[in-house]
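J.: Quick one: this structure, given as structure tokens, is what I'll be asking you about.
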Amino acid sequence: MKKEYQKPVVACTDIKKGKTISNSEEYEDKMRYQSWMTKGKGREVIWILAEKFRTNPEFIYREIAGEFVLIPSGEPARQFNGLASLNKTGVFLWKLLEQERTLKELSIAFAEEYELTEEQSLEDVTAFLELALTRKLIIRS
């Protein structure tokens, strides 16, 4: 049976600056209607398929009231003025990243889980990793 699929989303909200940065335009559009939010932009990241990534252990994953959030602790808590949220497909990737994984490994697992083409999976996983890396939610191993 095919699982319900949505592009994996990571959204980082900076409460001090009133900004949300997300790899999803739909999420940013949704947040734009809240007066304290403004649209942010990510940075470009160069990808190597064999490079390994993992979750940053200083972000704590929790499900709170049906929402999936990453709460900063340690050094990130001083620099990251808010929290990050994930959708269900983002949670799938986050849980895979609890162990070191390459972009290729993530893309293959994601394609199998959601019955996607290689191209679609690689595109979606890359967009997710790009923002998660720039916000230091995940780290290169």
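The values are calculated or read from the model by the stated rules, or taken from the named source; none is laboratory data. Everything numeric here is computed off the predicted structure, so don't read it as measured data. Using ideal geometry, Cβ is built from the backbone for each residue, glycine included, and neighbour counts are taken over all protein chains shown. The protein model used for the area step is the full one, side chains on, heavy atoms only, and it has no ligands, DNA or RNA in it. Shrake-Rupley method; radii C 1.70, N 1.55, O 1.52, S 1.80 Å.
J.: If you check Y33 against the conditions, is it open to solvent by less than 70 Å² (accessible area, probe 1.4 Å), more than 16 Å from L129 (Cβ to Cβ) and modelled with pLDDT under 85? Explain how you work it out, then say what you get.
T.: Values: open to solvent by less than 70 Å² (accessible area, probe 1.4 Å): no; more than 16 Å from L129 (Cβ to Cβ): yes; modelled with pLDDT under 85: yes.
The answer is no for Y33.
J.: Something else: Only residues that are modelled with pLDDT of 60 or more and exposed (fewer than 15 other Cβ atoms within 10 Å of the Cβ): list them for segment 36-59, please. Walk me through how you get there before you give the answer.
T.: Taking segment 36-59 as the starting set, the residues that turn out to be modelled with pLDDT of 60 or more are 48-59.
Those that are modelled with pLDDT of 60 or more and exposed (fewer than 15 other Cβ atoms within 10 Å of the Cβ): I48, L49, A50, E51, P57.
J.: If you don't mind, there's one more thing I want to ask. Name the single residue that is surrounded by the most Cβ atoms within 10 Å (Cβ to Cβ) among those in segment 69-84 being in contact with an Asp or Glu (Cβ under 6 Å, 6 or more places away or on another chain) and farther than 14 Å from E58 by Cβ. Don't jump to the end; show me each part of the working.
T.: Looking only at segment 69-84, we keep the residues that are in contact with an Asp or Glu (Cβ under 6 Å, 6 or more places away or on another chain), and these are 73-74, 76, 81-82.
Within this subset, residues satisfying the condition of being farther than 14 Å from E58 by Cβ are 81-82.
On the way: N81: 14, G82: 18.
Selected residue: G82.
J.: If I filter segment 95-117 for residues that are within 16 Å of Q6 (Cα to Cα), without any contact (Cβ under 8 Å) to a residue 12 or more places away in the chain and charged (D, E, K, R), do I get at least one hit?
T.: Yes: one or more hits.
J.: Filter segment 1-19 down to residues that are of a type in the set (S, T, N, Q) and at pLDDT 75 or above, then give me how many there are.
T.: Kept after step one, since they are of a type in the set (S, T, N, Q), are these residues of segment 1-19: 6, 13.
Now narrow it down to the ones that are at pLDDT 75 or above: 6.
Number of matching residues: 1.
J.: Could I ask something else about it? Every residue in segment 128-140 that is open to solvent by less than 60 Å² (accessible area, probe 1.4 Å) and either of a type in the set (A, V, I, L, M, F, W, C) or over 11 Å from the mean Cα position of the chain (by Cα) (or both), please.
T.: The answer is F128, L129, L131, A132, L133, L137, I138, I139.
J.: Return the residue satisfying two criteria in turn: it lies in segment 95-127 and is touching a strand residue (DSSP E or B) at 6+ places or on another chain (Cβ under 6 Å) and open to solvent by less than 60 Å² (accessible area, probe 1.4 Å), and of such residues it is modelled with the highest pLDDT.
T.: The qualifying residue modelled with the highest pLDDT is L97.
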